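The structure appears right after this line, and notes come after that.
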Amino acid sequence: MSQNGDEEQERGAASFEARLAAARDRRGLDQPPAPPPETAPDGLSSNALALGLRVGVELLSALVVALAIGYGLDRWLHTRPLFLAVFVLLGGAAGVLNVWRVVGPRPGK
Amino acid sequence: MAANGSGIDALGQFRLGHGLGEVGGAVNFTNSNEIMMLAGVLILGLIYFGMKPRAMVPGRLQAVAEMLYDFIHTMCIEQIGEEGKRYFPFVFTLFSFILFGNLLGLFPYFFTFTSHIAVTGALALLVIVLVTGVALRAHGLHFFTYFFPAGVPKLLAPLIIPIEILSYLSRPISLSIRLFANMTAGHVMFEVFASFMIMLVGALGAFGYVLAVGPLVINIALMGFELLVAFLQAYVFAILTCIYLHDAVHLH
């Protein structure tokens, strides 16, 4: 009888553990979109469309800044198109650097 | 087709008007500002009334408030590190403001203030100025080594430094353009498909009503997609802020 009770208790405990683990699992999954492993290196969603848009914007924004600076310098120094040309190249490189920061490995993490 | 106003005026929804009647007109208080205020009030209300019961087992509102808090809190600590707690209030404010702005914009007749680059640009500038300030305070002039990573040959300095500076300066642009472009594009699509319905009915009469079901279904699907985008863009803005803060605190 007591053997039986022990067994019952043990099974109860085991099922409790299992239920607890399941609940914890659920809780763990609840923690919204930043699950470490299967996302892109910087924790952003691995959603391909979002990533693609992000890469495009990164490329473009560096170029926009470079164009603005180059155009501004040329206006100021009356050297058109010297700085514009230089900064377009630099801006393209900076855009690629930005993209690398998005998709490449992140140091210090 | 575009005759007598039946063309698609997809951008009209982004036009600023005056809010709050006569008084608003006198001080240039816009409909955009109205929704900003509403977002602020709703966030404060959510936190205040959500956390009022202080229940062990949260009710619905308390659960929402706690999830929002916990979500950003975890994000700050994961992305920035232990120091991230100091910047939690800032990131939380930013995230909830953008999230509520995006979500409120989905209601008919509500203005989407995140669809204006003036607004997103101001937010992005705020982030960049703060991040630069944090970096300068934490590292002093040492911060400028950020633009010339260790281990790079000195010969490349004239090339690397401008590129790094451009990359740094492009951050506010990419932050603001991303949010603005996503919100604007989504709302333009709503408008375009909604206009299709009206045009179909106008052109084909009773048969048009049958065909108009198509754009309607697309708009319903779009609404679901836009809900996702509203959340995702607020999330991206917040997490990028966290990543920049991480760079500022740790320099690489």
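Calculate, in nm to one decimal, what residue B:155 and residue B:189 gain on full extension: separation in residues at 0.36 nm each, minus their alpha carbon distance.
Working: separation 34, 0.36 × 34 = 12.24 nm, distance 5.01 nm.
Result: 7.2 nm gained on full extension.
Starting from the Cα gyration tensor of the range B:55-139, take the square roots of the eigenvalues, sort them a ≥ b ≥ c, and report rounded, prolate or oblate (rounded when a/c is under 1.5, otherwise prolate if a/b is larger than b/c, else oblate).
The shape class here is oblate.
Below 8 Å, C-alpha to C-alpha, sequence gap of six or more: please give me the relative contact order for chain B in percent. Walk me through the numbers before you get to the answer.
Numbers: 248 pairs, mean separation 61.9, N = 252.
Once normalised by length, the contact order is 25 percent.
Using a 10 Å cut-off on Cβ to Cβ distances, tally the other chain neighbours for every residue of B:159-166 and report the average as a whole number.
Average per residue, whole number: 6.
Give the residue from B:72, B:55, B:36 lying farthest towards the positive end of the charge dipole for the range B:30-145; charges sit on Cβ (+1 for Lys and Arg, -1 for Asp and Glu) and the dipole is referred to the Cα centre.
B:55
So, in nm, how far is label residue B:144 from label residue B:57 when the simple model puts each one 7 Å beyond its Cα toward the Cβ?
6.2
In whole Å, how far is the Cα centre of the range A:73-99 from that of the range B:219-247?
Between the Cα centres of the range A:73-99 and the range B:219-247 lies a distance of 31 Å.
Please average, across the residues of B:140-150, the number of beta carbons from any other chain that are within 10 Å of each residue's own beta carbon, and give a whole number.
0
Between residue A:19 and residue B:77, what is the label-to-label distance in nm when each label sits 7 Å out along the Cα-to-Cβ direction?
The answer from the label model is 2.8 nm.
Each residue of the range B:193-208 in turn: what ³J(HN,Hα) in whole Hz from Karplus with 6.51, -1.76, 1.60 and θ = phi - 60°, glycine and Pro shown as x?
5, 5, 5, 4, 4, 5, 5, 4, 5, x, 7, 10, x, 4, 5, x
What is the fewest-to-most order of A:101, A:26 by other Cβ atoms lying within 10 Å of their Cβ?
Ascending Cβ contact count within 10 Å gives the list A:26, A:101.
Run the numbers for residue B:22 and residue B:125: contour at 0.36 nm per residue of separation, minus the present Cα-Cα distance, in nm.
33.9 nm
Which translational diffusion coefficient, to the nearest whole µm²/s, is obtained for the range A:46-109 from the Stokes-Einstein equation, given a Kirkwood hydrodynamic radius over C-alpha pairs, 20 °C and 1.002 mPa s? Walk me through the intermediate numbers first.
Details: Rh = 12.7 Å.
Once the numbers are plugged in, D ends up at 168 µm²/s.
Which whole-percent values make up P(r) of chain B when all C-alpha to C-alpha distances are grouped in 5 Å steps starting at zero?
Binned Cα distances yield the sequence 1, 6, 10, 13, 14, 14, 12, 10, 8, 6, 4, 2, 1, 0, 0.
Roughly how big is the range A:46-109's charge dipole about its Cα centre, with Cβ charges of +1 (Lys, Arg) and -1 (Asp, Glu), in debye to the nearest 20?
Numbers: 6 positive and 2 negative charges, 38 e Å.
I would put it at about 180 debye.
Given axes a ≥ b ≥ c from the Cα gyration tensor, I'd like to know whether the protein assembly as shown is rounded (a/c under 1.5), prolate (a/b larger than b/c) or oblate.
Oblate is the answer for the protein assembly as shown, as a/c is 1.5 or above yet b/c matches or exceeds a/b.
Could you order peptides B:178-190, B:70-82 by the average number of other Cβ atoms within 10 Å of their residues, highest first?
Put in order of decreasing packing, that is B:178-190, B:70-82.
Just so you know, all these numbers are worked out from the coordinates, no wet-lab data involved. The structure displayed is predicted, hence computed values, not measured ones. When we count neighbours, we look across all protein chains shown, and the Cβ atoms used for this are built from the backbone with ideal geometry, even at glycine.
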